[in-house]
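The next block holds one structure in the form of structure tokens; read it before the comments.
The values are calculated or read from the model by the stated rules, or taken from the named source; none is laboratory data. Note that the coordinates shown come from a computational prediction; the quantities given were computed from them, not determined experimentally. Ideal geometry is used to build each Cβ from the backbone, glycine not excepted, and the neighbour counts take in all protein chains shown.
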Amino acid sequence: MQGRLTRVNLAALAIGLAFLYLPIAILVIYSFNDSRLVGVWGGWSLRWYRDLLGNQAMLDAAWASLRVAVLSASIATVLGTLAALALVRAGRFAGRTAFVAMIYAPLVMPEVITGLSLLLLFVAINIDRGFWTVVIAHATLTLCFVTVVVQARLLDFDRSLEEAATDLGCPPWRVFMTITLPLIAPAVVAAWMLAFTLSLDDLVIASFTSGPGATTLPIRIYSEVRLGVKPEINAVCTIMIAVVASVLIVASLLSKLTVASRTQRSA
Amino acid sequence: MVRFEDVSKRFGATAAVDRLSLDIFPGEFFALLGPSGCGKTTLLRMLAGFETPDEGRILLDGSDIAAVPPHRRPVNMMFQSYALFPHLTVAGNIAFGLRQEGLPKTEIAERVGAMMALLQLGRLGERRPDQLSGGQRQRVALARSLVKRPRVLLLDEPMAALDRKLREETQFELMDLQARLGLTFVIVTHDQEEAMKVADRIGVMNHGRLVQVALPEEIYEKPNSRWVADFIGDVNLIEGRVTVADADGVVVEAAEGIRFQADATDGAKTGETVWVALRPEKIAIASITDGKRADALYGEVLEIGYRGDVSVYKVRLDNGLVMKAAAANTMRRVAQPFGCNDRVVLSWARDAVAVLTR
Ligand SMILES: Nc1ncnc2c1ncn2[C@@H]1O[C@H](COP(=O)(O)OP(=O)(O)OP(=O)(O)O)[C@@H](O)[C@H]1O
Ligand SMILES: [Mg+2]
């Protein structure tokens with residue numbers, strides 16, 4: 001399947017990329033449009049970004065989203081890492097298969113169902129929906145992604161390193177803190193970033209589980225767009241794209257870095 | 001110092017270690033020798049605390065260590081894979097064990113420095129393990145376990161990855177260190193030459209059991225079974241029957257009609273089937289110069305295995321038996337006095353013959 005970049009290939013690639021990224025490119029370009037009308041080019045301008053600074057509702061939503069993302073990603077990272085440790089380290093315990101299935105189910109579960117079931121849960125136990133329910137819902141959503149990422153790293157972790165540390169007089173919990181955690185840290189950080197971006201742009205689950213006073217950015221944007229696309233929205237989205245893209249780039253660099261150092265070590 | 005009492009360890013159906021008893025003395029350099037999979041690593045891992053024996057006890061200085069978790073045992077293990085911490089520097093790796101003891105920083109620095117000097121790691125302190133050569137890594141692993149001054153140091157094939165020259169240097173370094181620090185070393189190896197060279201005593205293992213525990217020269221000269229004789233070095237093993245057995249010695253007659261005279265041997269009884277073990281290098285091989293002698297064995301060279309310093313000659317004796325004899329190559333190869341198909345005479349001293357009853 002080794003082929004060269006022929007004209008046909010190039011064209012196919014261009015069409016594919018255009019299909020994926022043209023809408024985004026248009027959005028980004030129009031966020032710098034001086035004209036209020038979408039589809040009319042009025043020259044370059046940053047005025048919508050300036051206007052955005054005056055839009056308190058939008059800024060509040062962004063701030064709420066950021067806090068939700070940081071908190072839920074942190075919770076998911078801790079729990080997901082523990083789950084990965086249990087899966088890789090505990091050997092064959094009773095109910096392991098069921099545990100694995102339960103961890104991975106949310107990966108393939110339609111978001112609407114996850115959102116709805118969480119909503120029912122919160123209603124059933126009579127919790128007021130708001131900031132914390134969104135955090136919990138997002139932690140639930142992203143936990144399985146964290147587990148998958150961390151588990152992959154743990155699977156090729158050299159257990160003899162931990163044994164060597166134990167042998168040198170290190171008690172078990174300190175072995176985890178000084179040997180295991182630093183060595184899987186890149187995967188854990190990458191997993192956190194993945195969870196962060198997933199939380200940041202989730203609309204479905206957030207709309208099921210958020211309440212008054214806990215409007216996240218995607219919910220805000222969605223509700224504003226229903227009243228017509230305002231150029232300000234383009235500016236917000238452009239900023240979100242930039243944030244998500246840079247987080248994902250850092251995450252992928254981190255996982256590349258670990259792969260590189262691993263191959264170097266085994267060479 | 002260390003005592004194994006009827007220790008067994010099973011993995012499923014295989015008994016990795018099978019009712020094994022062994023005493024290791026303080027200050028001793030003990031080598032465990034045996035074929036792959038015979039349970040050497042498992043034995044060390046039980047002593048270090050990474051496996052629990054299914055049966056039996058392990059005593060350290062007279063007290064059972066079953067209840068002591070691995071991080072509290074005064075035993076350090078140098079791993080076959082070195083297991084250096086990739087995220088720490090060389091100095092950090094060596095200091096790791098001392099940090100766990102909570103020693104003052106100055107003492108740690110001092111001891112790490114001394115150990116690095118001892119193992120000639122002087123300028124490598126700030127490097128990371130992946131920036132070291134195989135031999136350097138091995139020395140770091142050694143330093144890391146030695147710096148703790150363990151009562152017992154376990155070395156699991158510490159030199160398997162080294163080339164011959166570096167291996168020899170390291171063997172001497174190890175022996176020197178062991179003598180200087182007065183520690184107890186247990187080394188696992190499948191290199192018998194290495195075991196002979198470094199160890200005070202050797203334990204030969206097979207199928208989870210110790211077959212023979214003795215001084216290196218005893219293992220080599222007086223193996224207690226055919227299996228040990230065959231496992232250690234090159235040997236001619238010839239089956240025969242005891243015809244005479246008294247205080248003056250033993251006479252064994254082989255099927256081919258050769259009679260072997262040997263020193264008195266425990267357990268050899270007249271009429272029993274035994275095996276004669278003769279090391280090739282103890283058999284003198286010579287060209288036939290003078291007339292036939294009654295007590296010598298004549299034959300024809302079948303094959304010559306040239307090994308540089310010695311050559312091993314496969315000789316078919318006139319009575320059909322094939323024996324190997326080794327001779328030092330004191331002359332250049334072209335000048336060898338005999339080649340393939342030449343007729344030669346073999347002879348040996350009576351004390352070169354070992355009689356094995358099992
Ligand atoms: N964790 C384990 N699970 C199952 N079987 C094991 C385990 N560890 C060792 N064994 C088995 O126990 C036996 C002894 O293994 P061990 O590692 O002690 O051999 P060894 O003498 O060190 O061999 P080598 O010289 O190849 O290192 C082998 O048959 C091996 O397959
Ligand atoms: Mg082994």
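Miscellaneous remarks
- Residue match in segment B:318-327 (condition: modelled with pLDDT of 80 or more, outside any strand (DSSP E or B) and among the aliphatic types (A, V, I, L, M)): yes
- Residue selection: B:M196 satisfies the criterion of being more than 16 Å from ligand 1 (Cβ to nearest atom), within 23 Å of B:R3 (Cα to Cα) and not in a loop (DSSP other than H, G, I, E, B).
- The listed residue being part of a strand (DSSP E or B), in contact (Cβ under 8 Å) with a residue 40 or more places away in the chain and surrounded by 13 or more Cβ atoms within 10 Å (Cβ to Cβ), out of B:V276, B:V244: B:V276
- Members of segment B:255-286 found to be under 30 Å from B:D342 (Cβ atoms) and among the β-branched types (V, I, T), listed by number: B:I258, B:V276, B:I283, B:I285
- Screening the candidates A:D60, A:D128 for the property of being out of contact with any helix residue (DSSP H, G or I) (no Cβ under 6 Å at 6 or more places or on another chain), assigned to a helix (DSSP H, G or I), acidic (D, E) and touching a residue at least 24 places away in the same chain (Cβ under 8 Å) yields one hit, A:D60.
- Qualifying positions in segment B:16-41 - without any contact (Cβ under 8 Å) to a residue 60 or more places away in the chain and either among the aliphatic types (A, V, I, L, M) or within 13 Å of ligand 2 (Cβ to nearest atom) (or both): B:G37
- Taking the criterion of being facing chain B (nearest Cβ under 8 Å) and part of a helix (DSSP H, G or I), the residues of segment A:151-174 that qualify are A:S160, A:L161, A:E163, A:A164, A:A165, A:T166, A:D167, A:P172, A:R174.
- Of all positions in segment B:107-118, none carries a residue that is surrounded by 21 or more Cβ atoms within 10 Å (Cβ to Cβ), under 18 Å from B:A141 (Cα atoms) and within 16 Å of ligand 2 (Cβ to nearest atom).
- Selection of segment B:235-285 for residues being among the small types (G, A, S) and closer than 16 Å to B:N319 by Cβ yields B:G240, B:A254, B:A255, B:G257.
- Selection of segment B:255-273 for residues being surrounded by 12 or more Cβ atoms within 10 Å (Cβ to Cβ), without any contact (Cβ under 8 Å) to a residue 60 or more places away in the chain and more than 29 Å from the chain's Cα centre (by Cα) yields B:A255, B:R259, B:T270.
- Listing of strands (runs of 3 or more DSSP E) fully contained in segment B:1-87 that carry 3 or more residues being more than 9 Å from every other protein chain (Cβ to nearest Cβ) and more than 15 Å from ligand 1 (Cβ to nearest atom): B:2-11, B:14-24, B:55-60
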